Amino acid sequence: MSTPIPVPDDFVASVQHAVDQDGEARRIVDVALERGLERVYLVGCGGSHFGTYPAFDLLNRYTDAFATERITSAELTSRDPIGVDEHALVIAASHSGNTPETVAAAQYARGKGATVVGIAREGASGLAEAAHLHLDYPDTITVTEPKLVHNEQVAAALLAGVGVTDVATRLRAGIPALPTALRAVKDEVASVGERVADVVADAPLTYVVGGGPAYGMAKMMAWCYFQEMQWMDAAAINGGDFFHGPFERILEDTPLIVLLAEDSSRALGERVVRFGQNYTSGLGVVDTAAFTLPGIPAESRPDLSVVALMSAERRVLDHVAARRGHDTSVRRYMYKVSY
């Protein structure tokens, strides 16, 4: 057992910084709606793309007033979708604000007449320059939580703007509590973090499963956290697909990490948990139902729980990194070679 790095001292302040920009999110949504909104594109690469899954889930489930698409930055520019025009809202995220594909996607969308929102760290960047509005956060280790908060606030504004006021009200009742609620998650997930570290630290391959929007969080854990930041072999599996191939690869000690939120797709993950309890000693479960989420009303938990899930798994990474002795900032290729 090793001690993970401390939670950043500015964690709450960094998330609060994003929460405080709700008014700007509402204003840009009003602009898009006034222009006759028909399509919303959630755009990014890697973790910035995976972080769009919760907002996509909200918009996809609760309104048909416009179409919503989740798409990687390079796909947006290479596919040239017919719907990127003056009736589109494009929300593009990149931590640095200078990810080449994402900057190009924002420039492309703006050139097509779309309303463009950029989500990135504070300061000048290619994305900030290309966007009509730059929603930002401090440049610290606290990266993904603020991005998800911005996406949730834009989603709430969109739902409110098209008359889905009950859902928007639920979201807005809980979002202001996220800074302290997510900070509590960092402590409450400690025992789970140690369990996951036990399971995956020396494993040749780890399966990470999530259903619905939690599938985006499974990609975040398997690809960004385990592959990129820990150089581990890991695979992200959609909970709806697990029993159509992947479960045949589960042996008596195969690492199987299941991510559970409290949204309507929770049953997809619960089914995988039941299977894992019977067939592998390597089961680890990150379940938001175990967290107190102080300040978040009970009626807001289902829609905001995936944000808590992401914050929990980011802290799980710290436990795994401490156990393996692998600094999460070390890269083999990223930022070092041309690709």
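The values are calculated or read from the model by the stated rules, or taken from the named source; none is laboratory data. Because the structure is predicted, anything quoted here is derived from the model rather than measured. A quick note on method: Cβ atoms are made from the backbone with ideal geometry, for glycine too, and the neighbour counts reach across all protein chains shown. Calculation scope for accessible area: heavy atoms of the full protein, side chains included, ligands and nucleic acids excluded. Shrake-Rupley method; radii C 1.70, N 1.55, O 1.52, S 1.80 Å.
Annotations
- Apportionment of accessible area to carbon and sulfur, segment 258-324, percent (1.4 Å): 50 percent
- Under-5 Å amide H pairs with Ala234, H placed in peptide plane, nonlocal only: Thr206
- Charge-dipole axis of the chain as Lys and Arg at +1 and Asp and Glu at -1 on Cβ define it, positive-most pick from Gln107, His244, Thr292: His244
- Longest to shortest principal axis, alpha-carbon extents of the chain, angstrom: 56, 47, 42
- Charging the Cβ of each Asp and Glu at -1 and of each Lys and Arg at +1, and nothing else, the dipole of segment 1-57 about its Cα centre rounds to 200 debye.
- A run of the chain free of exposed loop cleavage sites, with trypsin sites (Lys or Arg not before Pro) counted only in DSSP states other than H, G, I, E and B and at most 14 other beta carbons within 10 Å, reaches its longest extent at 1-330.
- Per residue accessible area of the chain, 1.4 Å probe, in Å²: 40 Å²
- Total lysine pairs in the chain at Cα distances under 27 Å, for residues eight or more apart or on different chains: 6.
- Dmax and Rg, reported as Rg then Dmax, of segment 200-339 (C-alpha, Å): 15.3, 48
- Here the ratio of the Cα radius of gyration of segment 35-156 to 2.2 N^0.38 Å is 0.95.
- Among the DSSP helices (H) of the chain, those spanning at least 30 angstrom by Cα along their long axis with an average Kyte-Doolittle hydropathy of -1.0 or more are 301-324; this is a geometric and hydropathy rule only.
- Pairs of Cα atoms farther than 20 Å apart, segment 12-83, %: 44 percent
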